[in-house]
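This report concerns only the one structure given below.
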Amino acid sequence: MRTLPILNAALGGCLVLAACGDVNGLLPAIYPNRTDTVSVYALTGTPVSTPSAYYILGRQVVRTDQSPAFDFAFDIDSLGRGVLLPTGALKLGLQSGAQLSAVQFDSLKLAPSSGYKVDSAVVLTENSVAAVHSRLVQCSYDYQPSHNYFAKLHVLEIDTTSTTTNGRRMDFAILIDANCGYRGLEPGVPRH
């Protein structure tokens, strides 16, 4: 009966040692980065049943009326431009962030560590590239919500005027680093 607590203590020590081996306190990455292509629909001017937001950790589009778990939403502003809205811009206070990138999608290899807009919209055009991060989350090896998930997106198309069922949407490619706290934005398992 005593071997279980000892084994748990030993495993706990291994996790702590592994986390301490990295300057950021991160465990070795295990989840491969991959690129997905998705569509989100404008918050305004489309049926509420269409997904308008994206949840980075879940790698999925979501409806804002059904899911409190999302990191950014898409809308069209009063000037007819596509905008990416972090949670702070929606007055949700969860502080995800977004910023435009000056480099092409394939050349963006590491998410920036600062410069994200957290409380205002980021204007997008076709072929825009943006770096985004989730709100702070608790990693499985950490007791405090102190890390983000990072991603990059490439805007493939923005339809700001169509009134069809598939209109008023943004199509984009997104690569997510699903390893908590990692900023690597290349395909495959990231390195520190």
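The values are calculated or read from the model by the stated rules, or taken from the named source; none is laboratory data. If you're wondering where the values come from, they're calculated on a predicted model, not measured in any experiment. Don't worry about glycine lacking a Cβ; one is built from the backbone with ideal geometry, like all the others, and counts go over all protein chains shown.
Scanning the stretch 75-100 for residues that are more than 15 Å from the chain's Cα centre (by Cα) and not aliphatic (A, V, I, L, M), which turns out farthest from Glu157 (Cα to Cα)? Can you show your working first?
Step one: filter the stretch 75-100 for residues more than 15 Å from the chain's Cα centre (by Cα), giving 75-83, 89-93.
Checking which are not aliphatic (A, V, I, L, M) leaves us with 75, 77-78, 80-82, 91, 93.
Numbers: Asp75: 13, Asp77: 16, Ser78: 19, Gly80: 14, Arg81: 12, Gly82: 10, Lys91: 27, Gly93: 29 Å.
So, considering only residues that are more than 15 Å from the chain's Cα centre (by Cα) and not aliphatic (A, V, I, L, M), the one farthest from Glu157 (Cα to Cα) is Gly93.
Go through the stretch 62-114 residue by residue and tally those that are touching a residue at least 60 places away in the same chain (Cβ under 8 Å), assigned to a loop (DSSP other than H, G, I, E, B) and either among the hydroxyl-bearing types (Ser, Thr, Tyr) or buried (at least 20 other Cβ atoms within 10 Å of the Cβ) (or both).
4
If Ser134 satisfies all but one of (1) closer than 20 Å to Ala53 by Cα; (2) hydroxyl-bearing (Ser, Thr, Tyr); (3) surrounded by fewer than 21 Cβ atoms within 10 Å (Cβ to Cβ), what's the number of the condition it fails?
(3)
Pairs needed: first member in the stretch 14-37, assigned to a loop (DSSP other than H, G, I, E, B); second member anywhere, at pLDDT 90 or above and among the acidic types (Asp, Glu); C-beta distance under 9 Å; at least 6 residues apart or different chains.
Ala29/Asp177; Tyr31/Asp177
Please work out if Ser146 is part of a strand (DSSP E or B), surrounded by fewer than 20 Cβ atoms within 10 Å (Cβ to Cβ) and at pLDDT below 90.
Here the answer is yes, as Ser146 does meet what is asked.
For residues in the stretch 84-123 being in contact with a Gly (Cβ under 9 Å, 6 or more places away or on another chain) and of a type in the set (Gly, Ala, Ser), which is nearest to Ala69 (Cα to Cα)?
Ser96
Test of understanding: among Phe72, Phe105, which residue is more than 14 Å from the chain's Cα centre (by Cα) and modelled with pLDDT of 95 or more?
Only one candidate qualifies: Phe105.
Name the residues in the stretch 124-141 that are in a loop (DSSP other than H, G, I, E, B) and closer than 19 Å to Ala69 by Cβ, would you?
If the condition is that a residue be in a loop (DSSP other than H, G, I, E, B) and closer than 19 Å to Ala69 by Cβ, then Ser134, Arg135, Leu136, Cys139, Ser140 are the ones that fit.
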